Amino acid sequence: MLLLTPGPVQTRAETRAAMAVDIAPWDPEFGREYAAIRERVRDIAGGVAGVHATLPLQGAGHFMVEAAIRTFVPPAGRILVVSNGAYGERMTRLAREAGREPVVLPVPDTRGVRAEEVAAALAADPAISHVGMVYSETGSGVVNDPAVVGAAVRAAGRRLIVDAVSAFGALPFDLKAQPECDVVLFTSNKCLEGLPGIAFAVCPMERTRERAGLAGSWSFDLGDVLRHAERSGWGSFRFTPPVQALHAFGVAMEAYLAEGGQPARLARYAENMRVLREGAERLGLRPYLDAAEQGPIILTLHQPEEPAFTLAGFVEALKRRGVLISNFYTTPKPTIRIGCIGAVTPADMRFALGAMAGALDELGVTRRAA
Ligand SMILES: *Cc1c(COP(=O)(O)O)cnc(C)c1O
């Protein structure tokens, strides 16, 4: 089966195979492996040894978004959330339910946020301490630029939280060039092409140390994660980790570096996107985003406006042809979402286009040119 979902993604056979072992989390051999993974992840984020630290949490990306908010936004404090899709909305909900006060900056889900929009919102409300943003909005596929937002945040003397879950490893990020950034966060199972089970934050250590004990949650306190590492070692965990997923993630990281790291991964995904987008247009399917706003992570297409088309029917017909795509959409208009990330190539995209043509024919959708 070819998985073209925006996470969890298709993985390499050797990454999956690495799961099939028993490991004791406190075994020093695993501790060394885990500590090395933390250093590699920090380096990919543009972090600096002794200044920035990788602070993992067991579980999904949402847990880390909540941990980032709880750790860095003061209790009852205000966070401006750039909202141009489902994940911005989720950050708003996580902030509200954590007892922080989200201030929403609404942006159309068809374009990235502009620096002046962030600057104006911050100027209007001095009580906002943080800006939360999603790097790649996995709802529509639109990209917000953390360097652009970060410059506005820095100029206003505020702090930045970046949800880079569907971007990290493929789109560039340089923490040492963004001193306003408290945290960039992501998971094992998207552009780094590991299995699900672990979320990562990379944070400035001094800032994080100061925040220990203020999260209102022991589980989600990144200051405590750092304190534990500094006391018990970078190879240790507070609670039982998904050891197999971490071990497999180490294998995925080897493949990442062997491929050529971030530039090579971005180049492969961008080519996947080009092939898929052009092919979809030839099939008569209309992209949701203009080409200039199209990110390389996920292609969102308008659903054909014909009664013969249903998303559930299309997904099932594709699955019978060996291709699995997302079975839901989060845009205001009905759409189809197809991921370009994971251990997949342009050849896989051509295969998927063949399957899409077959599925449309099976449903009886007339394929007029877009
Ligand atoms: C996938 C994703 C997440 C996290 O999803 P989980 O299911 O919690 O791992 C968060 N933000 C973005 C932008 C994502 O694409």
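The values are calculated or read from the model by the stated rules, or taken from the named source; none is laboratory data. From a predicted model like this one, the values you see are computed outputs, not experimental measurements. In this analysis, Cβ positions are derived from the backbone assuming ideal geometry, glycine residues included, and neighbour counts consider all displayed protein chains.
Run down Phe173, Phe220 and say which single residue is away from the ligand (no atom under 12 Å from the Cβ) and either closer than 24 Å to Gly261 by Cα or touching a Gly at 6+ places or on another chain (Cβ under 6 Å) (or both). Lay out the reasoning, then the answer.
Values: Phe220 fails: either closer than 24 Å to Gly261 by Cα or touching a Gly at 6+ places or on another chain (Cβ under 6 Å) (or both).
After ruling out the rest, the residue left standing is Phe173.
Can you find, within region 245-291, the residue that is surrounded by the most Cβ atoms within 10 Å (Cβ to Cβ) among those that are aromatic (Phe, Trp, Tyr) and closer than 30 Å to Val21 by Cβ?
Phe249
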What do you reckon, is Val148 within 16 Å of the ligand (Cβ to nearest atom) and either of a type outside the set (Ser, Thr, Tyr) or modelled with pLDDT of 95 or more (or both)?
-> no
Ala152 fails exactly one of the following numbered conditions: (1) surrounded by fewer than 24 Cβ atoms within 10 Å (Cβ to Cβ); (2) within 16 Å of the chain's Cα centre (by Cα); (3) within 26 Å of Thr110 (Cβ to Cβ). What is the number of that condition?
-> (2)
Tell me, please, whether a residue that is at positive phi, within 16 Å of the ligand (Cβ to nearest atom), modelled with pLDDT of 95 or more and touching a strand residue (DSSP E or B) at 6+ places or on another chain (Cβ under 7 Å) can be found in region 72-84.
-> no
Residue check, Leu301 against (1) closer than 14 Å to Pro6 by Cβ; (2) touching a helix residue (DSSP H, G or I) at 6+ places or on another chain (Cβ under 8 Å); (3) crowded, with 21+ Cβ neighbours inside 10 Å; (4) touching a residue at least 60 places away in the same chain (Cβ under 8 Å), all met but one. Which one?
-> (4)
Filtering region 86-129 down to residues that are aliphatic (A, V, I, L, M) and under 20 Å from Tyr288 (Cα atoms), which residue is nearest to the ligand (Cβ to nearest atom)?
-> Ala86
Which condition number in (1) modelled with pLDDT of 95 or more; (2) not in a helix (DSSP H, G or I) is the one that Thr366 fails?
-> (1)
What residue, of Ala343, Ala355, Ala308, is in a helix (DSSP H, G or I) and hydrophobic (A, V, I, L, M, F, W, C)?
-> Ala355
Taking Val162, is it crowded, with 21+ Cβ neighbours inside 10 Å, at pLDDT 95 or above and more than 11 Å from the ligand (Cβ to nearest atom)?
-> no
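Could you look through region 130-145, keep only residues that are away from the ligand (no atom under 12 Å from the Cβ) and crowded, with 21+ Cβ neighbours inside 10 Å, and pick out the one that is farthest from Asn327 (Cα to Cα)?
Residues of region 130-145 that are away from the ligand (no atom under 12 Å from the Cβ), as a first pass: 130-131, 145.
Okay, now just the ones that are also crowded, with 21+ Cβ neighbours inside 10 Å, so 130-131.
Values: His130: 34, Val131: 31 Å.
Among those residues, the one meeting the criterion is His130.
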Might you let me know whether region 180-195 holds any residue that is within 24 Å of Ala291 (Cβ to Cβ), within 16 Å of the ligand (Cβ to nearest atom), touching a helix residue (DSSP H, G or I) at 6+ places or on another chain (Cβ under 9 Å) and among the aromatic types (Phe, Trp, Tyr)?
-> no
Just for region 196-211: of the residues that are within 12 Å of the ligand (Cβ to nearest atom) and not aromatic (Phe, Trp, Tyr), which one is nearest to His130 (Cα to Cα)?
-> Ala199
Residues of region 157-214 classified as among the charged types (D, E, K, R), under 20 Å from Ala76 (Cα atoms) and under 19 Å from the mean Cα position of the chain (by Cα), total | 1
Please specify each residue of region 188-218 satisfying the condition of being in contact (Cβ under 8 Å) with a residue 24 or more places away in the chain, surrounded by fewer than 20 Cβ atoms within 10 Å (Cβ to Cβ) and part of a loop (DSSP other than H, G, I, E, B).
-> Pro196, Leu214, Gly216, Ser217
Restricting attention to region 22-58, and to residues there that are over 11 Å from Val202 (Cα atoms) and surrounded by 19 or more Cβ atoms within 10 Å (Cβ to Cβ), which single residue is nearest to the ligand (Cβ to nearest atom)?
-> Leu57
Mind checking which residues of region 1-14 are more than 16 Å from the ligand (Cβ to nearest atom) and either under 21 Å from Asn272 (Cα atoms) or assigned to a loop (DSSP other than H, G, I, E, B) (or both)?
-> Met1, Leu2, Arg12, Ala13
Yes or no: Gly197 touching a strand residue (DSSP E or B) at 6+ places or on another chain (Cβ under 9 Å) and at pLDDT below 95?
-> no
